[in-house]
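Here the structure comes first, spelled out in structure tokens, and everything after it is commentary.
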Amino acid sequence: MSAVLKIENLSKSFVLHQQAGVRIPVFDCLNAEVEAGEAVAVTGPSGRGKSSLLKLVYGTYRANAGAINVLSNVGWTDVVTAAPRDVIELRRDVIGYVTQFLRVIPRVPAEMVVAEPMMDRGIVQEQALERARTLLERLNIPERLWHLSPMTFSGGEQQRVNIARGFAAHFPILLLDEPTASLDTDNRNRVLELVAEARGQGSAILAVFHDEAERRIACSRSIGLD
Amino acid sequence: MTALLSAQSVSKSYGARAGCMDVCFDLWPGEVLAIVGESGSGKTTLLRCLSGHLPASSGKVHYSMRDGRHVALDEMSEAERRLLMRTDWGFVHQDARDGLRMGVSAGANVGERMMAVGERHYGHIRATATDWLERVEIPEDRIDDSPWSYSGGMRQRLQIARNLVTSPRLVFMDEPTGGLDVSVQARLLDLIRGLVKRLDLAAIVVTHDLAVARLLSSRMMVMQQGRVIEQGLTDQILEDPQAPYTQLLVSSVLQV
Ligand SMILES: Nc1ncnc2c1ncn2[C@@H]1O[C@H](COP(=O)(O)OP(=O)(O)O)[C@@H](O)[C@H]1O
Ligand SMILES: Nc1ncnc2c1ncn2[C@@H]1O[C@H](COP(=O)(O)OP(=O)(O)O)[C@@H](O)[C@H]1O
Ligand SMILES: [Mg+2]
Ligand SMILES: [Mg+2]
């Protein structure tokens, strides 16, 4: 297998203009590669920049220097310099990002929240909903909740809806930021199964797991930020 | 693929006062762009220049017509511009009274736009109007009522139906939820979000509310004193704002 994600000399710092222009360096000249079918853990103490790294790859945070090259069927794209609409396309087809937090949109039912990334790719609604329901079932979301907005769900239920959404479509590159945090053992195992399946389907995974044992199950090697 | 709308150094001044200055961007089919900034920053001026309601003092706005031609707004014939406004474009005003004909029924407000593009068959007009009112969640038994009898939220939804009935490719919205109660806003936003997605519309949405921008847009431009000081993906602007003013704006709201 060969790399589908190449991070080259990546530097990131934050400047807080509202707080006397204080500068927070996060990392300098970071290099990393992830191959298709490989899961790589990002490790380091809290506040070290693990989440920031994933957000840089997703294009949410802007790099100060360096490149984040992503391979897709149009060739290599550098997320750092790509035009917004190219990043939007990459997010639809190539780069998936799963956190523990669901951004609830009022009035959209849980099954539609999960089906949406598939429908964005042109998959017909019925087929997308079918897969959505399978995932919700696997993540132990009771059927009576599927057609309700997650607005009123418990934190854990929202988290599982978010995970179902994140794994609904196949992404060649998958970013996971503590997806199992605050889940019970059974649901953690379900998430680890989904990670393994995605890997089996060839996804290149960059993941943050708080729990060491889970990290060992899910990932084959790690990048240390410490 | 070419940009649907392309702005090159668009500026508008009111005498010595700057409305907007030197604005450049491309909007692609299906994209939703939010223009944010505090009151007086030039958002409405820019939107009116982009939509041909106000002549720019300098700069160019090009639009890609359905037949593939790229035409500068100020070089279009008046007839061409009118047709564009009635068919390919929609304009949702902050105050629904500016976008509706208050003297005729809700159904006629929708039907009128269809007639403007040549639809003549009464039965078809009526059926389509009813269908659109249903899509914007206006009960069928209110179709013959005057917009005066409608609540603020309903008027806004009617305005949206009136605009979308001709299947435009681009919709301009100026503070579409401004002045509405929070609960009414949520319903309207959800409706707009759903329609824009389903119809694959491009939209330019002016708002001072970052939560509205977060919900509706994929890209954002931040304006201050007539200038665009920062632009990028919506989540970039909100989560990693670079300009001091954008950081102030983002940190001033509780959570978006
Ligand atoms: N949007 C942001 N604005 C300013 N500082 C940030 C932002 N995001 C993260 N940081 C800072 O960057 C550093 C790394 O944070 P983060 O990536 O969340 O670390 P981790 O995930 O390893 O706990 C921390 O000091 C954090 O305060
Ligand atoms: N018709 C006008 N005549 C003179 N000045 C105007 C007019 N419209 C707007 N302005 C001025 O142009 C600037 C931008 O206004 P506007 O585009 O309405 O901003 P926003 O929509 O962001 O509140 C403000 O200083 C405003 O006072
Ligand atoms: Mg983190
Ligand atoms: Mg205004």
Taking only C-alpha positions in the stretch A:29-172, Rg and Dmax in angstrom work out to 16.6, 50
Candidates A:209, A:27, A:167; GNM for chain A (alpha-carbon contacts under 10 Å) flags as most fluctuating A:27
Candidates A:44, A:21, A:156; GNM for chain A (alpha-carbon contacts under 10 Å) flags as most fluctuating A:21
For the protein assembly as shown, the per residue accessible area (1.4 Å probe, Å²) is 44
Per residue of B:125-135, other chain Cβ atoms within 10 Å number on average 0
The stretch A:154-226, convex hull of Cα, quarter of hull surface, nm² -> 4.9
Carbon plus sulfur, as percent of the 1.4 Å-probe accessible area of the stretch B:26-109, comes to 48
Check: C-alpha center the stretch B:108-164 vs C-alpha center the stretch B:1-43, spacing in Å is 30
Across B:138-149, the residue-averaged tally of Cβ atoms belonging to other chains within 10 Å stands at 0
The ratio Rg/Rh over the Cα atoms of the stretch A:11-54, Rh being the Kirkwood inverse mean 1/r radius, stands at 1.09
Restricting to lysines and to Cα separations under 18 Å from residue A:6, and discarding same-chain partners fewer than 8 apart, the set is A:50, A:55
Of B:31, B:137, B:80, the most mobile residue in a GNM of chain B (C-alpha springs, cutoff 10 Å) is B:80
Between chains A and B, total accessible area buried, probe 1.4 Å, no ligands or nucleic acids, nearest 100 Å², roughly 2200
Per-residue average of other protein chain Cβ atoms inside 10 Å, peptide B:16-28 -> 1
The orientation-averaged projected area of the Cα convex hull of the stretch B:1-41, in nm², is 3.5
Cα-based Rg and Dmax for the stretch B:1-111, in Å, come out at 15.2, 44
Counting only DSSP beta bridges with both partners in chain A, the antiparallel fraction in percent, to the nearest 5, comes to 55
If the chain between residue B:8 and residue B:131 were fully extended at 0.36 nm per residue, the gain over the current Cα-Cα distance would be 40.4 nm
On the accessible surface of the stretch B:116-256, probed at 1.4 Å with all protein chains in place, carbon and sulfur together account for a percent value of 50
One point scatterer per Cα, no solvent, Debye formula: log10 I(q)/I(0) for the protein assembly as shown at q = 0.10 Å⁻¹ comes out as -0.84
Classified through the alpha carbon gyration tensor (a ≥ b ≥ c as square roots of its eigenvalues; rounded if a/c is under 1.5, else prolate when a/b is larger than b/c, else oblate), chain B comes out oblate
Mean projected area, convex hull of alpha-carbon positions in the stretch B:144-256, reported to one decimal in nm², is 8.2
Under the helix-only model (-39500 (n - 2.57) for each DSSP H run of 4 or more, divided by the residues of chain A), the mean residue ellipticity at 222 nm, to 500 deg cm²/dmol, is -11000 deg cm²/dmol
Note on the stretch B:56-183: C-alpha Rg/Rh, Kirkwood Rh, two decimals, gives 1.01
Cα-based Rg and Dmax for the stretch B:102-167, in Å, come out at 10.6, 31
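The values are calculated or read from the model by the stated rules, or taken from the named source; none is laboratory data. As the structure is a computational prediction, the values presented were derived from the model and not from experiment. Note: ideal-geometry Cβ built from the backbone for every residue, glycine included; neighbour counts use all protein chains shown. Just the protein is used for accessible areas: all its heavy atoms, side chains included, with ligands, DNA and RNA removed. Shrake-Rupley method; radii C 1.70, N 1.55, O 1.52, S 1.80 Å.
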